[in-house]
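Working notes for the structure below.
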Amino acid sequence: QVRLVESGGGLVQPGGSLRLSCVMSGGFISSYTMGWYRQAPGKQRELITSITTGGRTEYVDSVKGRFTISRDNARRTVYLRMDNLKPEDMAVYYCNRGVTPLWSWGQGTQVTVSS
């Protein structure tokens with residue numbers, strides 16, 4: 001059974017940076033396009049970035065140029081580097097298969113952007 005564990009969130013000031021990690025157990029990320037999703041208060045969860053097995057990346061416009069997704073298949077880990085964070089980035093961040101989720105959601109990691 002695949003389990004996803006996200007970590008790395010926290011409180012950061014506007015303009016700050018964070019690096020999120022998502023570790024998979026019970027499976028291997030190497031076979032899948034992986035993605036990061038986020039859910040802000042009162043909003044639906046949305047896919048914000050994905051990375052294919054070949055390393056091709058896609059981003060929604062709101063994070064393009066500020067966020068970077070990467071993967072380490074050997075460590076079964078997906079990363080999200082977030083720079084120049086804005087208050088509107090505040091959300092719970094999750095990872096799952098990119099395009100459409102496949103596995104049960106992890107607990108997510110909270111990102112709070114506030115001065």
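The values are calculated or read from the model by the stated rules, or taken from the named source; none is laboratory data. Since we're looking at a predicted model, the values are computed, not measured. Cβ atoms come from the backbone with ideal geometry, glycine included; neighbour counts cover every protein chain shown. Surface accessibility is based on the protein's heavy atoms, side chains included, excluding ligands, DNA and RNA. Shrake-Rupley method; radii C 1.70, N 1.55, O 1.52, S 1.80 Å.
Specify the residue that is most open to solvent (accessible area, probe 1.4 Å); the eligible residues are those in the stretch 106-115 that are part of a loop (DSSP other than H, G, I, E, B) and closer than 14 Å to Val23 by Cβ.
Taking the stretch 106-115 first, the residues part of a loop (DSSP other than H, G, I, E, B) are 106-108, 114-115.
Checking the rest, the ones that are also closer than 14 Å to Val23 by Cβ come to 106-108.
Working: Gly106: 18, Gln107: 106, Gly108: 11 Å².
Across the stretch 106-115, the extreme among qualifying residues is Gln107.
Residues in the stretch 19-36 that are over 21 Å from Arg81 (Cα atoms), of a type in the set (Ser, Thr, Tyr) and in contact with a strand residue (DSSP E or B) (Cβ under 9 Å, 6 or more places away or on another chain): 1 in all.
Here the stretch 27-37 is the region considered, the condition is being under 23 Å from Lys64 (Cβ atoms) and of a type in the set (Ser, Thr, Tyr), and the residue that is least open to solvent (accessible area, probe 1.4 Å) is Tyr37. It is to be established whether one or more residues within the stretch 23-37 are farther than 21 Å from Gln1 by Cα and in contact with a Gly (Cβ under 7 Å, 6 or more places away or on another chain). For the stretch 23-37, residues farther than 21 Å from Gln1 by Cα and in contact with a Gly (Cβ under 7 Å, 6 or more places away or on another chain): absent. Pairing each residue of the stretch 14-38 that is in a strand (DSSP E or B) with any residue that is of a type in the set (Asp, Glu), provided the two are 6+ apart or on different chains, yields C-beta distances under 8 Å for Leu20/Glu6; Ser21/Glu6; Cys22/Glu6; Tyr37/Glu46; Arg38/Glu46; Arg38/Asp89.
To keep it simple, each residue is scored yes or no on (1) farther than 19 Å from Val5 by Cα; (2) open to solvent by 70 Å² or more (accessible area, probe 1.4 Å); (3) at pLDDT below 95.
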position: Gln39; (1), (2), (3): no, no, no
position: Thr49; (1), (2), (3): no, no, no
position: Thr52; (1), (2), (3): yes, no, no
position: Asp61; (1), (2), (3): yes, yes, no
position: Leu80; (1), (2), (3): no, no, no
position: Lys86; (1), (2), (3): yes, yes, no
position: Val92; (1), (2), (3): no, no, no
position: Thr100; (1), (2), (3): no, no, yes
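When Arg71, Arg75 are checked against the criterion of being farther than 21 Å from Thr112 by Cα, open to solvent by 10 Å² or more (accessible area, probe 1.4 Å) and not in a strand (DSSP E or B), a single residue qualifies: Arg75.
Quick check on the stretch 1-13: of everything there that is exposed (fewer than 14 other Cβ atoms within 10 Å of the Cβ) and not aliphatic (A, V, I, L, M), which residue is nearest to Thr112 (Cα to Cα)? Quick ask: steps written out before the conclusion?
So in the stretch 1-13, the residues exposed (fewer than 14 other Cβ atoms within 10 Å of the Cβ) come out as 1, 3, 10-11, 13.
Within this subset, residues satisfying the condition of being not aliphatic (A, V, I, L, M) are 1, 3, 10, 13.
Details: Gln1: 31, Arg3: 24, Gly10: 6, Gln13: 8 Å.
Looking at the filtered set, the residue picked out is Gly10.
Just the residues that are touching a residue at least 12 places away in the same chain (Cβ under 8 Å) and over 18 Å from Ser7 (Cβ atoms), please, taken from the stretch 63-73.
First, the residues of the stretch 63-73 that are touching a residue at least 12 places away in the same chain (Cβ under 8 Å): 63, 66-71, 73.
Listed by number, the residues that qualify are Val63, Arg66, Asn73.
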